[in-house]
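All remarks here apply to the structure that follows.
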Amino acid sequence: MTQLLSFIKKEFKHVFRDKKTLLMLFGLPTIQILLFGFALTNEIKNTRVTVLDYAQDNISKELISKIDNSKYFDIISNVNTEQELESEFRKGNAKIAVVFPAGLEGELKHNKKATVQLIADASDPNSATTISNYFNNIIHEYNGLNISKSPLPMQILAEPKMLYNPELKGAPNFVPGVIALVLMLVCTMMSSVSIVKEKELGTMEILLVSPFNPIFIIISKLMPYMIISIFNLIIILIMSVTLLDLEIKGSIMLLIFASTLFILTSLAIGLLISATAKTQQSAMMISLTGMLLPTMLLTGFMFPIENMPLPLKLLSNIVPSRWFFIIIKNVMLKGLGFSSIWKQLLILLGMCTFLLRVSIKKFKIRLQ
Amino acid sequence: METVIYTKKLTKRFGNFIAANELSFEVSKGEIFGFLGANGAGKTTAMRMLCGLLMPSSGEANVAGFDVYTETEKIKQNIGYMSQKFSLYEDLTVAENIRFYAGIYGLSFAEIKMKTDELLTKLDMRSEAKKLVSQLPLGWKQKLAFSVSLVHDPKIVFLDEPTGGVDPVTRRQFWDLIYYAAGKGVTVFVTTHYMDEAEYCDRVSIMVDGVISALDSPGNLKKQMNAPDMEDVFYQLARKAKRSE
Amino acid sequence: MMIVTEQLKKVYGKEKIVAVDNVNLSVDKGEIFGLIGPDGAGKSSIFRMLTTLLIPDGGSATVNGFDIVKDYKKIRHCIGYMPGRFSLYQDLTIEENLQFFATVFNTTVSENYHLIKDIYCQIEPFKDRRAGKLSGGMKQKLALCCALIHKPEVLFLDEPTTGVDVVSRKEFWDMLKNLKQMGLTILVSTPYMNEAALCDRIALIQSGKILSVNTPEKLVNNYGETLYTVTGGNMYKLLNLLRSYEGTDSCFAFGNSLHLTLKYQTKKDTVVAYLQEEGFKDAAIQETIPGIEDCFIKLLKTN
């Protein structure tokens with residue numbers, strides 16, 4: 001046991017004495033969160049708006065002028081039919097359209113409630129949500145004014161409709177994506193590089209010649225990266241809550257449990273890579289192209305899996321981060337419990353045990 | 001005798017550390033000059049300054065008639081360099097290596113072709129011309145590397161531990177090549193850890209702690225130190241060393 | 001017998017390059033046994049097979065009575081190994097490296113301090129310095145300490161003195177003698193022929209084959225020919241002249257003189273006369289005792 005502990009201590013020294021790696025290990029999650037959180041969801045100004053006004057009454061006119069006065073919107077055209085509206089979207093002229101139903105004023109007076117439809121081009125989901133939020137604000141403001149004027153509460157509701165990407169995949173989803181990405185990077189790449197480094201240095205020879213059990217070599221090489229990964233996970237979660245105002249809806253314990261499973265899977269992949277790679281560079285290349293790219297592309301974090309061609313869809317099934325991504329999303333964003341993710345957990349568990357077994361078996365207790 | 005390397009109080013400092021301290025010596029044309037020293041004595045630093053790879057902190061040095069401060073490009077044209085660790089591309093063939101080195105020294109196509117031919121014949125490696133260098137035995141590689149370092153007819157050739165790890169017969173064959181080159185007027189500046197090879201040099205300098213602590217012919221050094229061989233001369237001097245790399 | 005190999009063989013790659021060719025060796029307990037040969041002779045492959053890092057392609061071997069394939073775990077308990085290149089953690093200090101290797105071998109520095117004391121005290125003043133910043137000689141001492149810290153019975157040192165200056169080399173061999181006094185068996189390889197004389201027994205090796213196994217003295221005694229040294233005048237011209245001389249069997253430069261063997265009917269006086277006739281007025285020729293290197297050259301020629 002003391003052997004193992006001192007080995008792990010040594011690994012941490014390697015990590016902490018290599019300033020560049022250290023920066024990468026801890027700078028990476030921060031940069032990713034900031035990048036995705038701010039740079040990519042910045043406020044959007046002067047969005048092009050098309051108006052389809054069936055109502056042609058006071059309320060619709062007031063609202064149109066409010067929209068036009070807002071710094072966020074520019075009304076670029078007025079159309080008369082839904083066909084015209086659609087063609088404005090197709091041509092890419094409009095990013096968003098407002099449809100005022102016929103008899104809006106009457107409806108509002110009669111039912112104290114009326115609906116205005118908002119149609120947004122959601123192929124860029126981030127901006128679509130932002131835009132529809134701005135629009136909602138304008139309606140809210142207008143409602144507020146009305147209430148003070150009228151003795152009875154009246155309310156206009158905005159009914160958003162997202163074109164092309166109705167579920168708005170990708171919007172706040174980047175946090176689960178970043179978690180998967182960072183864990184994969186740290187566990188797979190860093191661990192494989194650190195093992196191959198010992199081979200390159202020649203220290204692996206001495207370790208193998210010692211009576212130290214090879215299993216312990218594996219454990220102690222992987223342990224630091226596991227601990228660092230959990231630490232990274234916590235950093236990401238804290239940043240998401242404090243900086244991005246994201247709420248963790250589900251159980252944190254469940255989240256950490258699932259992450260640990262994913263970390264182990266990634267470590268097993270790292271170990272497997274280290275068995276084949278001869279130099280640190282090749283270990284890095286294999287992890288980057290073999291693991292990082294599929295994680296980015298095939299987990300549904302950047303591109304929705306539903307829209308992929310079948311071969312890619314099938315391929316995505318063997319990418320562990322795909323399942324992990326669903327788990328994190330369900331637990332963290334939707335607040336769902338164990339019952340909703342047991343299938344994914346089981347798949348991940350299966351992958352993890354399989355990969356660990358193979359990689360431990362492949363770990364060479366001798367030189368070639 | 002024409003002087004091809006001349007240094008006066010040549011010094012290199014790295015911060016507070018004086019790697020090479022006021023080196024002054026001269027090497028004549030066609031001389032085999034042994035440059036010895038313990039690990040960390042400052043040999044590599046001195047050699048790098050002479051090759052124009054490292055700017056001296058102070059002092060003078062002139063190599064092949066050119067100043068090490070201002071004419072490093074001309075120096076590089078007039079010297080050859082070979083080290084035990086790296087000289088040839090393992091993934092290129094013998095002929096490709098020769099052509100490559102001839103090419104980077106700006107030889108014309110006709111010259112390159114002629115030189116390649118000449119070298120392959122001289123080394124008796126005609127049948128190996130299309131073999132990858134990685135497939136050659138170490139001794140052959142070193143002989144090839146040496147010949148390649150001479151491909152542009154330099155005035156001086158710097159050899160950094162050229163014979164490390166080869167068998168005694170190949171080692172001597174290598175020295176035959178050195179003698180041959182020296183006989184043709186090439187100045188040979190060589191470092192080695194084999195002390196019997198120090199005896200083959202015309203003159204030997206021994207560096208200790210950044211300073212040249214002895215410089216003379218092997219015979220005179222042995223007489224002065226009352227030593228049976230160069231190994232003992234070296235041992236007597238280097239034992240006093242205080243610093244290490 | 002501490003180490004025994006029988007027809008040990010190692011073949012590499014698709015081209016079936018034979019690195020170790022049916023090697024038979026036996027090393028006694030408490031002996032310093034030297035494997036002497038140039039790079040690529042197969043020394044490291046033998047070391048790696050004996051330290052259980054490589055599986056032989058033929059033959060068998062035991063270390064301390066244990067089979068190198070079957071009982072590899074037992075062997076790993078009782079050997080110390082210092083690979084050819086410096087294999088310590090450059091980013092750890094001297095002390096950290098030593099402590100790490102002690103714990104890996106399930107022991108403590110203090111438990112076996114007596115074994116390394118003489119060596120360690122030389123580098124102890126720098127114990128907080130990182131291994132990457134040490135000189136060649138100091139690295140070598142640290143590596144030896146790390147290989148010794150678990151009190152092994154056999155020590156495998158693969159080219160410990162290569163690229164190290166003469167002073168450090170001398171010190172290193174002094175350390176090995178002390179370790180031998182403590183009862184350790186040491187298998188050491190070196191490309192420096194003059195270090196062979198410091199071993200109890202040596203095996204000369206070339207292209208994977210053992211050329212000869214003997215004590216240094218006997219090897220020299222078995223040289224079988226009269227060896228002369230020749231001096232006087234320009235050595236290179238003298239060498240070329242002697243090589244072209246009809247009575248010469250072999251002639252090689254050896255430091256400040258030439259080593260010469262003659263075809264059996266040639267007399268040394270005839271040679272002197274010939275040299276003087278050719279203009280080497282100071283030429284002198286003397287009988288001498290051959291060294292290990294002479295023996296190696298002769299064995300290379302006959303093989």
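The values are calculated or read from the model by the stated rules, or taken from the named source; none is laboratory data. Since we're looking at a predicted model, the values are computed, not measured. Positions of Cβ are generated from backbone atoms using ideal geometry, with glycine treated the same way; all protein chains shown enter the neighbour counts. In case anyone asks, the SASA skips ligands and DNA or RNA and just uses the protein heavy atoms, side chains included. Shrake-Rupley method; radii C 1.70, N 1.55, O 1.52, S 1.80 Å.
List of remarks:
- Sequence-distant lysines (8 or more away, or on other chains) whose Cα lies within less than 22 Å of A:Lys112: A:Lys61, A:Lys66, A:Lys149
- Chain C: angle of helix C:235-244 to the longest principal axis, Cα-based, in degrees nearest 10: 70
- For residues of C:82-90, the mean tally of beta carbons on other chains within 10 Å: 5
- Too-long pairs where the Cα-Cα distance tops 32 Å, listed order kept, from B:Lys122/C:Lys9; B:Lys43/B:Lys143; A:Lys10/A:Lys343: B:Lys122/C:Lys9; A:Lys10/A:Lys343
- Region A:195-306, dipole about Cα centre (Lys/Arg Cβ +1, Asp/Glu Cβ -1), debye to the nearest 20: 240
- Overall shape of region B:39-92 was characterised from the C-alpha gyration tensor. The equivalent ellipsoid obtained from it has semi-axes of 23, 16, 8 Å, in decreasing order.
- Summed over both chains, the contact between C and A buries some 2800 Å² of accessible surface at a probe radius of 1.4 Å.
- Judged by the ratio a/c of the largest to the smallest principal axis of the C-alpha gyration tensor, the protein assembly as shown counts as prolate, that ratio being 1.5 or greater while a/b is larger than b/c.
- For the protein assembly as shown, DSSP calls about 50 percent of its internal beta bridges antiparallel.
- Among the listed pairs A:Lys20/A:Lys329; C:Lys70/C:Lys151; A:Lys197/A:Lys364; C:Lys29/C:Lys151; A:Lys199/C:Lys117; A:Lys9/A:Lys362, those with a Cα-Cα distance over 21 Å are A:Lys20/A:Lys329; C:Lys70/C:Lys151; A:Lys199/C:Lys117; A:Lys9/A:Lys362.
- The mean count of C-beta atoms from other chains within 10 Å of the C-beta of residues in C:158-166, rounded to a whole number, is 5.
- Take C:His77: with every protein chain present and a 1.4 Å probe, its accessible area is about 120 Å².
- Gyration tensor analysis over the Cα atoms of chain A returns equivalent ellipsoid semi-axes of 54, 19, 17 Å (largest first, whole Å).
- A 1.4 Å probe run over chain C, with the rest of the protein chains in place, finds 41 Å² accessible per residue.
- Other protein chain C-beta atoms within 10 Å of residue C-beta, averaged over A:199-205: 5.
- Net charge over other residues, Cβ less than 12 angstrom from the Cβ of B:Thr11 (K, R count +1; D, E count -1): +2
- Annotation: peptides C:188-199, C:39-50, C:273-284, ranked by per-residue average of other Cβ atoms within 10 Å with the highest first, follow the order C:39-50, C:188-199, C:273-284.
- Virtual spin-label span in nm between A:Glu62 and B:Asp232, 7 Å along Cα→Cβ: 11.4
- Here the protein assembly as shown is assigned +1 on the Cβ of each Lys and Arg and -1 on the Cβ of each Asp and Glu. Its dipole about the Cα centre then comes out at about 1600 debye.
- With Cα atoms, 0 to 90° folded angle of helix B:138-149 axis to chain B main axis: 90
- Computed in the context of the full set of protein chains, the accessible area of chain C at 1.4 Å probe radius has 48% of its extent on carbon or sulfur.
- Where trypsin sites (Lys or Arg not before Pro) fall in DSSP loop in region C:232-270, at most 14 other Cβ within 10 Å: C:Lys263, C:Lys267
- Taking the inverse of the mean reciprocal distance over all distinct Cα pairs, the Kirkwood hydrodynamic radius of chain C comes to 21.3 Å.
- Highest mean packing comes first when the peptides C:90-101, A:247-258, A:328-339 are listed by Cβ atoms within 10 Å, giving C:90-101, A:328-339, A:247-258.
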